[in-house]
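Peer 1: Just passing along the structure, written as structure tokens.
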Amino acid sequence: MFDHTTRPESAALFERAQRVLPGGVNSPVRAFRAVGGIPPFLVRGEGCRVWDADGREYLDFVGSWGPLILGHSHPEVLEAVAEAMRDGLSFGAPTAREVEMAELLAEIVPHIDMVRMVNSGTEAVMSAVRVARGVTGRGKLIKFDGCYHGHSDAMLVGAGSGALTQGVPDSAGVTAGAAQDTLLAKYNDLSSVSALFDANRGQVAAVIVEPVAANMGVVPPEEGFLQGLRGLCDRNGALLIFDEVITGFRLGLGGAQAFFGVRADLVTFGKIIGGGMPVGAYAGRRELMSQVAPTGPIYQAGTLSGNPVAMAAGISQLRILHSHPEYYTQIAENASFMAEKLREAAQKHGIPMQVNQCGALLCPYFTETPVRSFDGAKASDLNRFRAYFHEMLGRGIYLAPSQYEAVFVNVSHSRADIETACAAAEESLAALT
């Protein structure tokens, strides 16, 4: 175990960064505020390993927050990117690769006919919500407490006085007007959704949900929950939006719709369709997507949308996954193995722990109470998580620096890698006693 508190190169970079970047980072969680300490500045990744500026090697379970399902620097993906770069970095004009990507998505994801490429998951969600409002002529949106859908104004709301209240701004700079049409329900609680529909009859355009809530850790949908949302939307004339920025192509090639057997009206994707490069997309039935400009009145545009280099990376990764369906069995089995070993180690050392797992996603929570919603996730002992995180980092295991993020198992993790991580977890849990 190395001393993770002495990383001089990363410390120097972080000191420089704080002078020119808010908090020294370009996305808040990277600042390590939730766990304390200095973040390692990463310089290289290969397979399931990354190296920091101090030359230290880590077994990576973040994978750029999910999209690197094949691991870092997959040679076929890199070659596809290099080939595309030789043709040009950006045109702001139609290219063949964006057509190929859209055709591929329509082929492998159920219930989508048309796709619009964008540049991030946030932009995809913002645009899908606009489509829902445009085609229904309604203004209100139901989301779930603890589910994250990017940082557009309408999505940055908190629960107010309870799950059945109107949203209130959860960030400075978001006006009350921007948040007032966002209604908050409780994940895995259909009655909370039904109550919102009843209280806002004829006003709700859509329900948006992470099919597996992966921004409160990992909270799978309980049996019948997603099916119940489908039924409530149908009965109330609202659309169902699956935010698959995290679950898309991680649960399975067809995403959550295929995995759970539930039809969504609109689906959003993030950087996984760019092989980790900055990209996103929203997609749905032809009758909905044809309402997007220039064929319809719902406006959305972007100079970099469908960027050929990002398309090349995403096409390469998705075609590899399409050719190897066994990869999904492999990563789910490794995640299940890891989850069980964590439970056994926690029990052995007398540490209260719940480990939620769905497909290749898992999350340990330091609590005795089963976690089925954001309330359960918030019951986790954050001080114990902080200690666990640093024990694991010190043993060369790179986890997300937040209790409310997933552990991502990818194809490049061998069973030996998983066993290495499990051994580190047992040592780390023993150190907490």
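Peer 1: Work out, step by step, the length gained on full extension between His151 and Glu9: first 0.36 nm times the residue separation, then minus their alpha carbon distance; give nm to one decimal. Intermediate results must be reported in sequence, preceding the final value.
Peer 2: Numbers: separation 142, 0.36 × 142 = 51.12 nm, distance 3.13 nm.
Length gained, His151 through Glu9: 48.0 nm.
Peer 1: Bin all alpha-carbon pair distances of segment 24-76 at 5 Å intervals from 0 and give each bin's fraction as a whole percent.
Peer 2: Whole-percent P(r) values from 0 Å outward: 4, 19, 24, 26, 19, 6, 2, 0.
Peer 1: Counting helices only, and only those DSSP H runs with n ≥ 4, report the 222 nm mean residue ellipticity of the chain as the sum of -39,500 (n - 2.57) divided by its residues, in deg cm²/dmol to the nearest 500.
Peer 2: Working: 14 runs with 166 residues, N = 433.
One gets -12000 deg cm²/dmol as the mean residue ellipticity at 222 nm.
Peer 1: Averaging sequence separations of C-alpha pairs under 8 Å and six or more residues apart, then dividing by the length of segment 303-376, give the relative contact order as a whole percent.
Peer 2: Numbers: 64 pairs, mean separation 16.6, N = 74.
Reported relative contact order: 22 percent.
Peer 1: Next question. Can you pull the accessible area of Phe408 for me, 1.4 Å probe, Å² to the nearest 10?
Peer 2: Rounded to the nearest 10, the figure is 10 Å².
Peer 1: Quick one: ranking Asp234, Asp54, Asp243 by accessible area, 1.4 Å probe, largest first, what do you get? Please list the in-between numbers first.
Peer 2: Numbers: Asp234 90, Asp54 45, Asp243 10 Å².
Greatest to least solvent exposure: Asp234, Asp54, Asp243.
Peer 1: Then there is this: Hey, in the GNM for the chain with a 10 angstrom Cα cutoff, which one of Ile315, Ile331, Ile298 fluctuates hardest?
Peer 2: Ile298
Peer 1: Which far-off residues, 5 or more places away or on another chain, put their amide H under 5 Å from the one on Phe249, with H placed in the peptide plane?
Peer 2: Under 5 Å from the amide H of Phe249 lie the amide H atoms of Gly255, Ala256, each far enough along the sequence or on another chain.
Peer 1: Right, here's the next one. Using DSSP H assignments, which helices in the chain have an axial alpha-carbon span of 30 Å or above and a mean Kyte-Doolittle hydropathy of 0.0 or higher?
Peer 2: Numbers: long enough: 326-348 (33 Å, -0.82).
Helix filter hits for the chain: none.
Peer 1: Given a 1.4 Å probe and heavy atoms of the protein chains only, how would you sort Lys348, Lys143, largest accessible area at the top?
Peer 2: Working: Lys348 140, Lys143 5 Å².
Order by accessible area, largest first: Lys348, Lys143.
Peer 1: Something else now. Set the Förster distance to 51 Å, then compute FRET efficiency between Ala93 and Gln227 from the Cβ-Cβ distance, nearest 0.05.
Peer 2: Values: r = 43 Å, r/R0 = 0.84.
The calculated FRET efficiency here is 0.75.
Peer 1: Relative to the compact globular guide of 2.2 N^0.38 Å, what is the alpha carbon radius of gyration of the chain, as a ratio? Working shown, then result.
Peer 2: Details: Rg = 21.3 Å, N = 433, 2.2 N^0.38 = 22.1 Å.
Here the Cα radius of gyration is 0.96 times the empirical estimate.
Peer 1: Moving to a separate point now. If you roll a 1.4 Å probe over the heavy atoms of the protein chains, what accessible area per residue do you get for the chain, in Å²?
Peer 2: Values: 17400 Å² over 433 residues.
Each residue of the chain exposes 40 Å² on average to a 1.4 Å probe.
Peer 1: Convex hull volume of the Cα atoms in segment 88-152, per residue, in Å³?
Peer 2: Numbers: hull volume 9.4 nm³, N = 65.
Spread over its residues, the Cα hull of segment 88-152 gives 145 Å³ apiece.
Peer 1: A further question on this structure: Report the Cα-based extents of segment 6-102 along its three principal axes, largest first, to the nearest Å.
Peer 2: 47, 29, 23 Å, listed from the longest principal axis down.
Peer 1: Another one. Residue by residue, what Karplus-based ³J(HN,Hα) values in Hz, rounded to whole numbers, does segment 21-33 have, using 6.51, -1.76 and 1.60 with θ = phi - 60° and x for Gly and Pro?
Peer 2: Once rounded to whole Hz, the list reads 10, x, x, x, 9, 10, 7, x, 4, 5, 6, 6, 4.
Peer 1: Residues with beta-carbon under 14 Å from that of Glu123, excluding Glu123: net charge, scoring Lys, Arg +1 and Asp, Glu -1? Please list the in-between numbers first.
Peer 2: Details: positive: Arg116, Arg130, Lys271; negative: Asp153, Asp243.
Residues close to Glu123 contribute a combined charge of +1.
Peer 1: In addition: Provide the solvent-accessible area of His111, counting protein heavy atoms only and rolling a 1.4 Å probe, rounded to the nearest 10 Å².
Peer 2: Here the residue's solvent-accessible area equals roughly 90 Å².
Peer 1: Report the extension gain between Ala82 and Asp113 in nm, rounded to one decimal, defined as 0.36 nm multiplied by the number of residues separating them, less their alpha carbon distance.
Peer 2: Numbers: separation 31, 0.36 × 31 = 11.16 nm, distance 2.99 nm.
Gain in length upon complete extension: 8.2 nm.
Peer 1: Nearest-5 percent of antiparallel DSSP beta bridges in the chain? Display every interim value, and only then the final one.
Peer 2: Values: 28 of 45 bridges.
Of those bridges, close to 60 percent are antiparallel.
Peer 1: Once the piece of chain linking Trp51 and Glu100 is laid out straight, how much longer is it, given 0.36 nm per residue of separation minus the C-alpha distance between them?
Peer 2: Details: separation 49, 0.36 × 49 = 17.64 nm, distance 3.41 nm.
Full extension from Trp51 to Glu100 adds 14.2 nm.
The values are calculated or read from the model by the stated rules, or taken from the named source; none is laboratory data. Note that this is a predicted model, so its numbers are computed, not measured. Note that each Cβ is placed from the backbone with ideal geometry, even for glycine, and that neighbours are counted across all protein chains shown. Keep in mind that these areas ignore ligands, DNA and RNA; they rest on the heavy atoms of the full protein, side chains included. Shrake-Rupley method; radii C 1.70, N 1.55, O 1.52, S 1.80 Å.
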